[in-house]
1. Cβ contacts < 8 Å: first residue under 15 Å from Ala104 (Cα atoms) and open to solvent by less than 60 Å² (accessible area, probe 1.4 Å), restricted to segment 32-46; second residue part of a helix (DSSP H, G or I) and not hydrophobic (A, V, I, L, M, F, W, C), any location; separation 6+ or different chain. Result?
2. Can you work out which of the residues in segment 47-77 that are of a type in the set (Ser, Thr, Tyr) and part of a helix (DSSP H, G or I) is surrounded by the most Cβ atoms within 10 Å (Cβ to Cβ)?
3. Taking Trp87 and the conditions (1) open to solvent by 30 Å² or more (accessible area, probe 1.4 Å); (2) out of contact with any Ser or Thr (no Cβ under 9 Å at 6 or more places or on another chain), which numbered condition does it fall short on, given that it satisfies the others?
4. Taking the criterion of being in a helix (DSSP H, G or I) and crowded, with 16+ Cβ neighbours inside 10 Å, would at least one residue in segment 97-104 satisfy it?
5. So how many residues does segment 8-31 have that are assigned to a loop (DSSP other than H, G, I, E, B) and either within 30 Å of Val106 (Cβ to Cβ) or basic (Lys, Arg) (or both)?
6. Consider Ser7 against the criteria (1) in contact with a Leu (Cβ under 8 Å, 6 or more places away or on another chain); (2) open to solvent by 80 Å² or more (accessible area, probe 1.4 Å): it satisfies all of them except one. Which criterion is unmet?
7. Have a look at Ser7, Ser36 and point out the one that is under 28 Å from the mean Cα position of the chain (by Cα) and more than 24 Å from Asp78 (Cα to Cα).
Amino acid sequence: MDGDKRSGGFTLVELLVVVTILGILTAVVVFAVGGSTDKAQESACTAEKTTLETALEAYRASAGSYPTDIGQLTDKADGFLRSAPVWYQLNGAADPGGISRTDAGVAKKCPAVTP
């Protein structure tokens with residue numbers, strides 16, 4: 001009985017194998033989730049663009065002309081938008097009803113606006 005001094009713990013090799021397996025699984029999960037954030041960003045850009053286009057048409061139907069300033073869409077009295085868009089902006093009086101990407105929209109690679 002004196003020769004049997006082995007305790008019930010894990011050996012160093014067993015612990016290294018487990019840590020290596022956990023590292024590999026973590027890497028697989030990180031790369032799998034990374035692609036879904038790009039898709040989510042693209043969906044958010046598209047949703048904002050569609051919302052802004054809808055608000056423009058609703059304003060035009062209500063006021064008879066397109067707004068020249070984003071403040072006309074976010075005004076509390078009319079309430080066409082809750083807040084100013086982040087990735088798209090109005091072109092203003094030079095292009096009534098037209099929208100384009102902001103610098104943030106270009107940086108996030110939001111889809112360009114086609115006339």
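1. Close Cβ pairs (under 8 Å, with a partner that is part of a helix (DSSP H, G or I) and not hydrophobic (A, V, I, L, M, F, W, C)) amount to Cys45/Gly105.
2. The extreme case among them is Tyr59.
3. (2)
4. no
5. Adding up the residues that qualify gives 0.
6. (1)
7. Values: Ser7 fails: under 28 Å from the mean Cα position of the chain (by Cα).
After ruling out the rest, the residue left standing is Ser36.
The values are calculated or read from the model by the stated rules, or taken from the named source; none is laboratory data. Source: prediction; values computed, not measured. Here the Cβ is made from the backbone with ideal geometry for all residues, glycine too, and neighbour counts use every protein chain on show. Side chains are part of the model used for accessible areas, which takes the heavy atoms of the whole protein and leaves out ligands, DNA and RNA. Shrake-Rupley method; radii C 1.70, N 1.55, O 1.52, S 1.80 Å.
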